[in-house]
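Just so it is clear, none of the values below were taken in a lab; they were calculated from the coordinates. Every value quoted in this text rests on a predicted model; they were computed, and no experiment measured them. For neighbour counting, all protein chains shown are included, and Cβ atoms are generated from backbone atoms with ideal geometry for every residue, glycine included.
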Amino acid sequence: MPHRDLLETMLERQEVLADFADLALQSEDLDEVLQEACRLVAKAMGTERAKVLEMEAGDESLLVRAGVGWAAGVVGHVRLPMDKHSSETFAINAGEPVITRDIAQEERFDVPRFMKDAGIVALVNVPIFLPRQRAYGLLQVDDTRPRDFDQHDSAFLRTYAGILGPIVDRLLKLRQLRSTEERFRLTVEAATDYAIFVTDAEDRITDWLPGAAAVFGWSAEEALGQSAAMLFTPEDRAAGVPERELETALREGSAPDVRWHLCKDGSRVFIEGTRRSLSKIAGNGFLKIGQDVTARRLTEERLSAGEERLRLLSELVPALLWQTDGSGDGMTFNARAQEYLGWSAEQQMQAGDWLDAVHPEDREAAERVFAEAFRSGRPLEHQHRLRGSDGQYRWFLVRQIPWHDDQGQLSQWFGAAIDINELRQFQMRQDVLVAELQHRTRNLIGVVRSIANQTMAHTGPSEAFREALDHRLEALSRVQGLLSRAEQEPITLRRILTLELDALGAEGKRVVLEGPSVRIRPSRVQTLALALHELATNARKYGALSQTGRQLSVTWTVRDSPTGRWLHIAWCEEGVTGAPTDQPSAPPEGGYGRVLIERALPYALGAEVTYALDPGGLRCTIELPLDPPDSLRSI
């Protein structure tokens, strides 16, 4: 639980304790007090059921003395045996809480039948002790849902039971003794916790209750007759705090007592309480009531220190940081953001105000992205330029994430803008460099074509060689063109096919392309494109694109497998009878195109290839992984 929520919960529970104490001190009916104790603790813990179990004479059974949320016939009637299989007995004997988060998985203790019938799933109980550690019974909270009761829950219940014990002890005694001195009545009625003692007019301790002994460590025998100033720290005594507190209580009737106090063993506890002046009837002394809130105080100090560390850390991070409420209003920024944007620390920006700092060309897109994030509650990531206090714009990578409270409600947004101006400039220079390399690569292909032509002129003409080489170099050039635009235009299988078939002048009606949009990795484009070029060239020379009435069909699908996604390509030329008889026969192992398709594709891309020419036509299938393992090589 976040520190802020934890603190709020603790404060709410303190209010419950105070409400219970006020009610308990106004009532002399034990049943009424126990019933209200169950109601308040169920409210504080967010459950529908709670109960108090009272040990009966002989310590052999526990009576459900009070409770809320139970069916008729349970409270005041159900008794539980105190045996070794009982979590209630264990808690009382061990003097510590028992937590069961899911009784279906509980193997330590037996769960009573009436609780199972009521649908109880989770529970936490704490023993109730009377002064001098006399066991009275048990306070138990039950829930019909699995519940992750934690140390804060058990600590609260132990405090609650610690208050309940002395109150139960008082009410039990009041059954036998109905009248009491006003001093005792005032002490009990004013109590908000159990660290209570009384002093005389000279501030000497006259009554030292068990709660005070538990908090400060001195027994009643040790404390009686001593000055209450012994509880103040040395620095407070040196500063005259005890005397000023006494004077304020005499003058105004009460004085706050909220500070660190000293214990018998030298340790310190933080007490939140008051000193009240008593009437003459009560002895002309003072009543001091203090609540040990050391744990809460330390939590507050840790929270404050944590917030300071977080503030310092945010100043060390080289980023502009901000937070807003759930709707995007009330934006607050760290010092670095204020310095860069030129805003003052007192300035609180509302939704839309920050857009003034966004570059005009980026403003519409930035506004749209943020509006969609606030509407959908999803994180965002965007790049845009922000104007600094010097009037210059720089590129920033902007990220913003939502934060939800315990009820799942979006209550805040946290954002960061990281300066990527140098990175963007580097990427722009890199794009220029890549474009230049692609241009030079295509020029180099032209040089290779020229050299090949000159070589062929000296070694003898071979028109078939020149034509084949030209076509393959042109295919390479087209591939390089695709790769040069890969950042702006993702390379898809349809784009590669269209490029190759258009280059051969294939007519639209004779070619059918069908399949989903599939992106091809740039590292795999060249080999796949050359293979498709060979198939397309063969179709133009000897296949479906060269014979009247024939049709070329290229279809592809994507399937998932345990090893990743696979692309299935089916190249079909219907009714093709093969190469004309006057064409030179290919070598037994096949020509360059066949070798490229049947050998290079499996080697370079991990593909599975079939190639068949029969009376029905030509059919070539290529299956290759879209998510190749690192071991695959490229050529």
With x for Gly and Pro, the residue-by-residue ³J(HN,Hα) of region 17-25, computed from phi through the Karplus equation 6.51 cos²θ - 1.76 cosθ + 1.60 at θ = phi - 60° and given in whole Hz, is 4, 5, 4, 5, 4, 4, 5, 4, 6
With label points set 7 Å from each Cα along the Cα-to-Cβ direction at residue 429 and residue 284, the distance between them in nm comes to 9.1
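About the Cα centre of region 514-567, how large is the charge dipole given +1 on each Lys and Arg Cβ and -1 on each Asp and Glu Cβ? Please answer in debye to the nearest 20. Can you show the working numbers first?
Working: 8 positive and 3 negative charges, 21 e Å.
That gives region 514-567 a dipole magnitude of about 100 debye.
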Sorted by chain and number, the residues with a modelled amide H under 5 Å from that of residue 551, at a separation of 5 or more or across chains, are 574
For the residue 77, residue 237 Cβ pair and Förster radius 56 Å, calculated FRET efficiency rounded to 0.05 is 0.50
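By per-residue mean of other Cβ atoms within 10 Å, what is the highest-first order of 156-167, 71-82, 9-20?
Values: 156-167: 22.2, 71-82: 13.8, 9-20: 16.7.
So the peptides 156-167, 71-82, 9-20, ranked by packing, come out 156-167, 9-20, 71-82.
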A chain fully extended from residue 420 to residue 48 at 0.36 nm per residue, minus the present Cα-Cα distance, gains in nm 128.5 nm
Here region 335-343 yields Karplus 3J(HN,Hα) values (6.51, -1.76, 1.60; θ = phi - 60°; whole Hz; Gly and Pro given as x) of 4, 5, 5, 4, 5, 5, 7, x, 9
Note on region 182-298: alpha-carbon gyration tensor, axes a ≥ b ≥ c; rule is a/c under 1.5 for rounded, else prolate if a/b larger than b/c, else oblate; result rounded
Sorted by chain and number, the residues with a modelled amide H under 5 Å from that of residue 49, at a separation of 5 or more or across chains, are 142
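What FRET efficiency comes out for residue 513 versus residue 371 if R0 is 41 angstrom and r is the Cβ-Cβ distance? Round to the nearest 0.05. Can you show the working numbers first?
Values: r = 39 Å, r/R0 = 0.95.
With R0 = 41 Å, the Cβ-Cβ based efficiency is 0.55.
Sorted by mean Cβ packing within 10 Å, highest first, what order do the peptides 61-68, 388-395 take? Walk me through the numbers on the way to the answer.
Working: 61-68: 20.8, 388-395: 13.1.
Result, highest mean first: 61-68, 388-395.
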Between the modelled labels at residue 7 and residue 254 (7 Å from Cα along Cα→Cβ) the distance in nm is 2.4
Stretched fully, the stretch from residue 614 through residue 626 gains (0.36 nm per residue minus C-alpha distance, one decimal, in nm) 1.3 nm
Distance in nm between residue 301 and residue 84 label points, each 7 Å along Cα→Cβ, equals 4.6
Here region 322-332 yields Karplus 3J(HN,Hα) values (6.51, -1.76, 1.60; θ = phi - 60°; whole Hz; Gly and Pro given as x) of 8, 9, 9, 7, x, 8, x, 8, x, 6, 10
